[in-house]
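Throughout, read-outs are computed from the coordinates displayed, never taken from laboratory work. Given the structure is predicted, the values throughout are model-derived calculations rather than measurements. Counting neighbours? That spans all protein chains shown, and the Cβs are built from the backbone with ideal geometry, glycine included.
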């Protein structure tokens, strides 16, 4: 420590520069590797299928792949369903997780630690194992083949409760007590003190949740039967037809189409997302 | 006053009875749920939906809810979950190779109880025997063939001409495949191969095309009870050695695991002059190959041979007698000549009964596009797709053994011997 501090300034700056160059280089390499599949998808989607495996700068542009993909399934309806689904899940998760996290963070009641352990245990259970049990529950509730049936198993999210509880724990008690002295009710404190301070966490969690449920496939496929309830991922699966050979250009057009809204949303809110991730400590 | 009230009451009562009767009658319409997987893209799903709608329009007392259920694997997951969850479909299409799995899970009922008349029995006899091999077991019929396929050989006629071969004559034997393959393999100035002679894809489910080779070598991979495999037979090892030799010894096939999904594309791009793949690809190749191509049976060794593949109709437990009778009637209708012809023309799958090939539509189609009949003619030499109890596990073991031999991690005989030992351990309890 002291040796480093005593060392002359010049070599330290040079070391610092080398570090920086390496960091920048690594960032570029990683960024290129990340963008490459997307670039390939865009390239194949806007060119005729003959150019799938060949790169020619002046290859003719076409919109035909998108038309073909759009016509292969009722995507307009599927988009509406997916939109309703992620909205329902997110609203349910915010409501339930906020209340549960508040209780775990600021109240003492008998069995609190056991209950919290049970919530954490949920993180260890793969949702796919529970498919049959969840299906039975949905049948008893008479909800098979409805959008709530896709959403319900995910609303009591252990991850969401844990994340919000940790955030609420970092809120200084003084703020809580000050609000109490001002005469705020218990729910009023939650609404005026805790939730505003946890905004970055909500944003980060919301993004993770929306993108996860936007892309979920197996459970929606199993619990739904009709066009009126199925999300875009089920529509997308029509293209993974192995018997007839894979048409990359159409698949990529369809993939871009279905993931487009998410990509656009991310690009628009990129700064807020990155900041909220840093503040919320999810990396 | 009183009288008019009474009249009104009577009128209302009559009306409501009438209404009640009306709803009762429509409630009596048998409702069926029918899951179908699709392995050949959007057109197959449309055709199934259109055929189902046509049936419902002609049979107002039956309502069929046709549900697209993803790939074959997704369908099995959906069917098992729905059955365990208490709402099984009445009818579903699933892989013919999954018959033993479905019996083992106790989910399906045989068709025999709903096909009692002599006419029905005669109808059952009318399917190609090769397709019935993995639709029947223990004297009962559990599956009715519909979405069925078999692998065939496609070749590029232009490449044949360039290599000095007769473009109308495909290789007929294993030796010819090697000999033609050597002539067809082209290298550039640096010694890199630009066009391979032959391409037998080996990714995902290599056992299926490999079963073509074992059948040609006159050996069957599993018994018809589905409880004993034959992986360590020397003839199986010989077939695997031949497949490996195509790359390593003869240099006519790309070494390593060859991607299934990319195979038609490689054929169109002239990266290979011959490819083996399913007849389900026929429409795709016809639409997209930028050169003249031929379709032929797989080459023979000790005999000709190929596996069958694809999906059957199954009836599920938990449905009422009326539902199952209606489901069996629907299956009888959809496998009928005109319907099967429409299906074959739209998708390239092989119509499961000879009578479909006698229809005008099929005759016109076959005259216009003779390769369509190759798969049908090959059925004479076809055998059941590898299918056992615990099918997923057993085929995975076998696939791993094939991959180990193809990538050179193990020699053919050792890999197969290990696979047989593992399969025995799983299947012992079913004997």
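Among DSSP beta bridges lying fully in chain B, give the percent that are antiparallel, nearest 5. The antiparallel fraction comes to roughly 65 percent.
Only alpha carbons enter this Debye calculation for the protein assembly as shown, each as an equal point scatterer, and the log10 of I(q)/I(0) it gives at q = 0.09, 0.10, 0.11 Å⁻¹ is -0.96, -1.12, -1.27. Taking the fewest neighbouring Cβ atoms within 10 Å as the starting point, the ordered list for A:212, B:250 is A:212, B:250.
Can you give me the angle between helix B:337-347 and the longest principal axis of chain B, using Cα atoms only, in degrees from 0 to 90, rounded to the nearest 10? The angle comes out near 50 degrees.
For chain B, a Gaussian network of Cα nodes joined below 10 Å ranks B:144, B:108, B:257 by mean-square fluctuation, and the top entry is B:257.
Under 1.5 on a/c is rounded, so check that first for region B:156-208, then, if it is not, pick prolate when a/b is larger than b/c and oblate when it is not; a ≥ b ≥ c are the square roots of the alpha carbon gyration tensor eigenvalues. Please list the in-between numbers first.
Details: a/c = 2.13, a/b = 1.18, b/c = 1.80.
Because a/c hits 1.5 or more and a/b fails to exceed b/c, region B:156-208 counts as oblate.
Remark: mean inter-chain Cβ contacts per residue of B:85-95 equal 2, using a 10 Å Cβ-Cβ cutoff to other protein chain atoms.
For the listed peptides A:29-38, B:158-167, a ranking on the average number of other beta carbons within 10 Å per residue, highest first, reads B:158-167, A:29-38. Under a Gaussian network description of chain B, with springs only between Cα atoms under 10 Å, the residue in B:142, B:349, B:242 that fluctuates furthest is B:242.
Enter the mean projected area of the convex hull around the alpha-carbon atoms of chain B, in nm², rounded to one decimal. Can you show the working numbers first?
Working: hull surface 104.8 nm².
Over all viewing directions, chain B projects a mean Cα-hull area of 26.2 nm².
How high is the FRET efficiency between residue A:156 and residue B:175 when r is their beta carbon distance and R₀ equals 45 Å, given to the nearest 0.05? Plugging the Cβ-Cβ distance into 1/(1 + (r/R0)^6) gives 0.10. Extension gain for residue A:178-residue A:40 works out to 44.1 nm (0.36 nm per residue, less the C-alpha to C-alpha distance).
Starting from the Cα-Cα distance between residue A:275 and residue A:112, subtract it from 0.36 nm times their residue separation and give me the gain in nm to one decimal. Could the numbers behind the result be given before it?
Details: separation 163, 0.36 × 163 = 58.68 nm, distance 3.25 nm.
Stretched fully, the residue A:275-residue A:112 segment lengthens by 55.4 nm.
With respect to chain B, whose longest principal axis is taken over its alpha-carbon atoms, helix B:206-216 is tilted by about 70°.
Got a sec? How would A:159, A:168 order by Cβ neighbour count within 10 Å, fewest to most?
Numbers: A:159 17, A:168 23.
Starting with the residue having the fewest Cβ neighbours, the order is A:159, A:168.
What shape does region A:76-280 have by the C-alpha gyration tensor, where a ≥ b ≥ c are the square roots of the eigenvalues, rounded means a/c under 1.5, and otherwise prolate means a/b greater than b/c and oblate the rest? Since a/c reaches 1.5 and a/b is larger than b/c, the shape of region A:76-280 is classed as prolate.
What percent antiparallel are the DSSP beta bridges of the protein assembly as shown, to the nearest 5?
Working: 27 of 42 bridges.
About 65 percent, rounded to the nearest 5.
If a/c stays under 1.5 just call it rounded; otherwise compare a/b with b/c (prolate if a/b is bigger, oblate if not). Do that for region A:22-154, with a ≥ b ≥ c from the square roots of the Cα gyration tensor eigenvalues. It is oblate, given that a/c is not under 1.5 and a/b is not larger than b/c.
Here the residues A:55, A:162, ranked from fewest to most Cβ neighbours within 10 Å of their Cβ, fall in the order A:55, A:162. Peptide A:207-219 has a mean shielding of 1, counted as Cβ atoms of other protein chains within 10 Å of each residue's Cβ.
Could you work out, residue by residue across B:44-55, how many beta carbons of other chains sit within 10 Å of that residue's beta carbon, and then give the average as an integer? Walk me through the numbers on the way to the answer.
Details: counts 4, 4, 1, 0, 0, 0, 0, 0, 0, 0, 0, 0.
Rounded to a whole number, the mean comes out at 1.
Comparing B:61, B:113, B:368 in a Gaussian network model of chain B where C-alpha atoms under 10 Å apart are linked, the largest mean-square fluctuation is found at B:368.
Using alpha carbons only, how many degrees (0 to 90, rounded to 10) separate the axis of helix B:174-184 from the longest principal axis of chain B? Helix B:174-184 sits at roughly 70 degrees to that axis.
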